[in-house]
Each structure stands twice: as C-alpha cells, then as structure tokens.
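Colleague: Following this message is one structure expressed as structure tokens.
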Amino acid sequence: MAHRQGERVGALRDAFQKMVRDPEFVADLQRTDVELDPLPGAQVEALVVRTLNVPAAVRDRAKLAFGR
C-alpha cells in the first residue's frame with residue numbers, strides 16, 4: 001500500500017508541476033493578476049513536517065503573541 005501511495009504522490013506532484021508550467025495556465029493567471037510561485041512538493045512536505053513538529057511550548061507562545 002505504501003508503494004502505491006508513493007506512486008500517487010509522485011504522479012500528483014508531477015501533474016502539478018506540469019500544470020504550473022503550462023502556457024495556457026500561465027496565460028490565464030496573467031490575465032487575472034494572480035501571482036504564482038509554487039514550491040516543489042517535497043519542499044512543501046518538509047515545511048508541513050517542520051510545522052507539525054514545533055514543540056507545544058513554542059505553539060503556546062505563538063498563540064499568546066498573536067492572540068489566537
């Protein structure tokens with residue numbers, strides 16, 4: 001199962017990268033004044049893992065600092 005999941009993740013990451021390079025997609029974005037500077041999937045995954053692994057004490061201080 002993990003192998004198939006890895007294949008799916010790879011396929012989705014490849015498809016996303018192809019989409020953001022597609023000339024029609026880029027042209028549509030330019031017409032709407034939307035900026036897009038996507039990160040590669042592996043980099044997004046690393047950011048999410050790092051965020052989820054922030055110690056509880058740090059999260060609590062951030063909540064106090066930002067009032068949330």
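Colleague: Taking the stretch 18-36, which residues are modelled with pLDDT of 90 or more and either out of contact with any helix residue (DSSP H, G or I) (no Cβ under 8 Å at 6 or more places or on another chain) or not assigned by TED's automatic domain parsing to the domain that holds residue 6 (or both)?
Modeller: Looking only at the stretch 18-36, we keep the residues that are modelled with pLDDT of 90 or more, and these are 18-32.
Within the stretch 18-36, 18, 21, 22, 23, 24, 27, 28, 29, 30, 31, 32 meet the criteria.
Colleague: Go through the stretch 22-46 and give me each residue that's closer than 20 Å to residue 9 by Cα and among the polar types (S, T, N, Q).
Modeller: Within the stretch 22-46, 43 is the sole residue that qualifies.
Colleague: Another question, then. Return the pairs, sorted by first residue and then second, in which the second residue is assigned to a helix (DSSP H, G or I) and not acidic (Asp, Glu), the first residue lies in the stretch 1-21 and is closer than 15 Å to residue 45 by Cα, the beta carbons are less than 6 Å apart, and the residues are 6+ apart or on different chains.
Modeller: If the second residue must be assigned to a helix (DSSP H, G or I) and not acidic (Asp, Glu), the pairs left are 13/41.
Colleague: Being loosely packed, with under 10 Cβ neighbours inside 10 Å and not hydrophobic (A, V, I, L, M, F, W, C) is the filter; apply it to the stretch 22-38 and report the residue that is nearest to the chain's Cα centre (by Cα).
Modeller: Looking at the filtered set, the residue picked out is 37.
Colleague: Can you tell me which of 13, 59 is surrounded by 10 or more Cβ atoms within 10 Å (Cβ to Cβ) and in contact with a helix residue (DSSP H, G or I) (Cβ under 9 Å, 6 or more places away or on another chain)?
Modeller: 13
The values are calculated or read from the model by the stated rules, or taken from the named source; none is laboratory data. Given the structure is predicted, the values throughout are model-derived calculations rather than measurements. We place every Cβ from the backbone using ideal geometry, glycine too, and count neighbours over all the protein chains shown.
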